[in-house]
Every structure is written in structure tokens, then in C-alpha cells.
Amino acid sequence: MAMNVRPVPALDNEVNDIRLAAAEIVNSDILPVEDALWGWMSDSANAPNTAREDARALKVEIQDKVKQAGLWAPHLPKEFGGMGLSFMQHAYMNEVLAYSPGAASLFGVVAPNSGNQKILVKYGTPEQHEKWLKPLTEGTMQSGFSMTEPDNAGSDPRSITTRAELDGDEWVINGHKWFTSNGYAAEFYIVMCRTADPDDPGSSNDKMTQIIVPRETPGVNIVRGVPVWGRASSHCEIIYDNVRVPKENQLGGTGTGHRAAQDRLGAGRVYHCMNSVGSMWRAFDLMIERLMTREVHGGEKLESKQFMQGFVADSYIDIQSARLMTIHCAEKMESGADPRTDISAIKIFVPEAMHRVVDRAIQVWGAAGVSGDLPLASMYQSARTLRLADGPDEVHKILIAKNILKRYHAGESWDFGN
Ligand SMILES: Cc1cc2nc3c(=O)[nH]c(=O)nc-3n(C[C@H](O)[C@H](O)[C@H](O)COP(=O)(O)OP(=O)(O)OC[C@H]3O[C@@H](n4cnc5c(N)ncnc54)[C@H](O)[C@@H]3O)c2cc1C
């Protein structure tokens, strides 16, 4: 079933045109060949020997079409080879791309490269743009983001212990990271390190600094790809053992790493949530398709059963709530109002809603729902993973309660209209 994208009356023509053009490519060029693009990964034992190469050629063909349509790299400014979209335009485009899992990569948006590109745009020097950002955007280089550590709670980046010390013109990095996604393919990692406070050298008041570390630097030891959901992965465990890189590999000023990480995560959470909405949209369409066609004992279609009708209504409510909450949060960010409570709220609500919507679709499809023949099983795992990655639910609940109580203690109450 194709994604039904039509102009949204409240949006301007430019966004509507972008959404329609993106949906045209998703519907005509990606959905019909999803199996050829990604099927070999989930069923490598039965895939023909040429499947990987064929998929690569197909990807290039689709990417060329995307570039010709002017839809390449929606997350980047025009001067860096992207579409130059505003924050809201990008968010509205994301839900369309996420209808087909993996489609975003064919439009030049691949995590963690996309987050790293945005950090490089904002904090990088012209030399760093030339050396790291350009090849990343052209797709000739890969990258990773190395923050989480096995021995410290990743929920709060301030707990990390990886340290970088200046020695002459070089940073010397020591630490132990894991879940550095894309770790094997990456040519460089952006590594979150503790560094001495530049305003108060010698004090114990450490700050965070992000430093670019090429993977081939001596002392970068990839221990393993940590298996995830029972499968091998490229979410890598890495030991940085006396790794030396030039001082100019640091991103932004010394001590700006925490701010940069928040920049990455804040807007990123809205994009992730719009991705989840796109995934839910697909799961919903798949569920309805099955309800309308599957005959059960007695010759009736599944759609005539009340349990099943309940799934339809509950999923509709979940998707609409998740979408509107995310758009409200994005509008608040765009307006310059404080969006922190809303960001935490969507970070909790949307993956949970996705979990429920995909779960119902799986239930309707029966055994096929958990098979590799449909995208539902991988969506289900993504929804569960999203409840941990980029800040787990509980930590965001703590933040919501803190922000709200603070306001009431100050003698105000909450204004749900804003
Ligand atoms: C598939 C995948 C890909 C990832 N990719 C990357 C990547 O590319 N780069 C990277 O750096 N990281 C990556 N991560 C790591 C991810 O961001 C962390 O897992 C996440 O931030 C949580 O940190 P943690 O795993 O250390 O959990 P912890 O911080 O140990 O949290 C465990 C539990 O404790 C709870 N908790 C923590 N603190 C509190 C508190 N103060 N009060 C109450 N409860 C609390 C949490 O809510 C959670 O339920 C990835 C993770 C996954 C699963």
C-alpha cells in the first residue's frame, strides 16, 4: 500500500511540495523494491550471492533520483550540499521518509552521520568542514559518535570518565566507550571527553569537550560490536588507550561538549519522533490491509471483529496524539519558547505509542508479523530501543516533574495553551 500524502492546508506550498515529491519517490521507487534493498540482511543464508552488490547498485540509482529531485540531505544547509530546510520543514519531511524503513538513508540522512554533520556544521572550523564534513556529506566517509560508557550511567553524560589531557599540541585520550554505532565502518569518531576547565585550570571542575578521533589512530582498540537483539551489530565497544590527536581536532571551544551534545539531542528528538510517526503510519496501513483481506473461520473478514476494530481505534488515537504532541513541541522550539518539558514528554510518549501501534499490527498479522517478510518485527525492536537510547524514559519523567514543580513552587501554574 502506498503512503497517502496530500497537501496539508495549514502548511505552506513549499513544505507540501517537498512532502509530495518525497512521497512520490518513496511510493514509486522504494516501496516496490524494499526486499531487494534490505531483504538480504535479514535472510543472508537464502539470499543470492549477488544480493548485496545488487542492493548497492539499486541504492545508487535511487540516490541519483533523489539528488535530481533536489531532495538530498534535508538536514543540512545549502552551502554544505543539503536542502537548506528550516527545522519545521525537515520535521514534516521526516515522517514521509520514515514510512519505509531505511529510506532516509537514500535521501542522505543516516544516523549517526547526520547528527555528526550537524555538530560539524555548527562547531567545526573551515578546515574541519573540508576534511570531515564534506566527505561525510558526499557519502565517501562514515563516522561514529562515542559518548556512552559501560562503567557509567549514560543517562547523564556528565557521569562519563573518558579523559583528554593536553600534551603540547596534542590531546591524549584515555577511556572506555561502548554502543558507538557504525563503529566498524566509521573513518572517524566524535569522542566525548572530560577536559580541564579552560577558565579554571588545575581545578577539579572538569568540562566536556568533543574531539575528532580518526579510527586508524594508534591506541583506538575496537573490542567488539556489541550484539543487539540477538544479532551481531556495529554498535562498538572501543577502548581509547593513550590516543594522540592534534589539538585542532577538538570541536568548538574547550568545555563546549555538553552544550553540543544537548544541541544534537534536542532537535534530534523531534526528528526521531517524526520518524516514529512515519513508522506508525506504515504499521497502521499494514494492519488495515490485513484486516480487510484476511478471512477467518466462517468466511468473515478480520475487520468485522470487535477486538480488531478496537485495535484500529486505539492505534488511530495513538498516532494522532503522538503526531500532534511532536508538532506542538517542534512549534514551541521554533518560536523560541522553552521546549524542555515537551521534548521530554514526546521522548517518552512517542516511542511508547509506536510500541503499542506496531504491537497491534503484529498481532493482526499473526506469525507473519514477527517474520522477516514484513518490516514490523524490526519496527518493534526499534520502538523498544528508542525507550533507552538518547535518554531513557525515567530520566525524562524526572525532568518533566522537576520543571513543572519548579513553576508551581514559584507561585505560577502550568499553562497548557502554550
Ligand atoms: C541501539 C543503540 C544504539 C546506541 N548508539 C549510541 C551511539 O552511537 N553513541 C553513544 O554514545 N551511545 C549510544 N547508545 C547508548 C544510549 O544513548 C544509552 O544506552 C542511553 O543513554 C542510556 O544509557 P545507559 O545504557 O548507560 O543506561 P543507564 O544510564 O545505566 O540507565 C539504566 C536505567 O536506569 C535509569 N536511570 C538512570 N539514571 C537515573 C536516575 N537518576 N533516576 C532514576 N532512574 C535512572 C534509566 O532510566 C534506565 O532505566 C546506543 C544505545 C542503543 C541501545
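We did not get these values from a lab; they are worked out from the coordinates using the rules stated. Nothing here was measured: the structure is a model prediction, and the numbers come from that model. Here Cβ is always computed from backbone atoms with ideal geometry, including for glycine, and neighbour counts include all displayed protein chains.
At a glance:
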| quantity | calculated |
| --- | --- |
| For the stretch 13-109, the spread of Cα positions along each principal axis, largest first, Å | 45, 24, 18 |
| In Å, descending, principal axis extents of the Cα set of the stretch 143-254 | 46, 28, 21 |
| Whole-number Å³ per residue for the convex hull built on Cα positions in the chain | 168 |
| Under 5 Å, built H, 5+ apart or other chain: amide partners of Cys236 | Phe179, Thr180, Ser181, Asn182, Gly183, Val226 |
| Positive-end residue of Thr161, Val312, Gln262, charge dipole of the chain with Cβ unit charges | Val312 |
| Over the chain, relative contact order from alpha-carbon pairs under 8 Å, at least 6 apart, % | 13 |
| Cubic angstrom per residue, convex hull over Cα atoms of the stretch 298-407 | 121 |
| Axial C-alpha extent at least 30 Å, average Kyte-Doolittle at least -1.0 - helices from the chain (DSSP) | 257-293, 306-335, 340-365 |
| Charge sum, other residues only, whose C-beta stays under 15 Å from Ser335's C-beta, Lys/Arg counted +1 and Asp/Glu -1 | -3 |
| Student exercise, the chain dipole from Lys, Arg, Asp, Glu Cβ charges, in Debye to nearest 20 | 520 |
| Antiparallel %, DSSP beta bridges [both residues in the stretch 143-254], to 5 | 85 |
| Too-long pairs where the Cα-Cα distance tops 28 Å, listed order kept, from Lys131/Lys347; Lys122/Lys177; Lys305/Lys397; Lys247/Lys397; Lys207/Lys247 | Lys131/Lys347; Lys305/Lys397; Lys247/Lys397 |
| The chain - share of DSSP beta bridges that are antiparallel (%, nearest 5) | 85 |
| Relative contact order of the stretch 143-219, pairs being alpha-carbon contacts under 8 Å that are 6 or more residues apart, as % | 31 |
| Net +/- balance of residues flanking Tyr92 in space, Cβ distance below 11 Å, scoring K and R +1, D and E -1 | -1 |
| Volume per residue that the Cα convex hull of the stretch 223-295 spans, once the total is divided by residue count, Å³ | 144 |
| Charge sum, other residues only, whose C-beta stays under 14 Å from Gly372's C-beta, Lys/Arg counted +1 and Asp/Glu -1 | -3 |
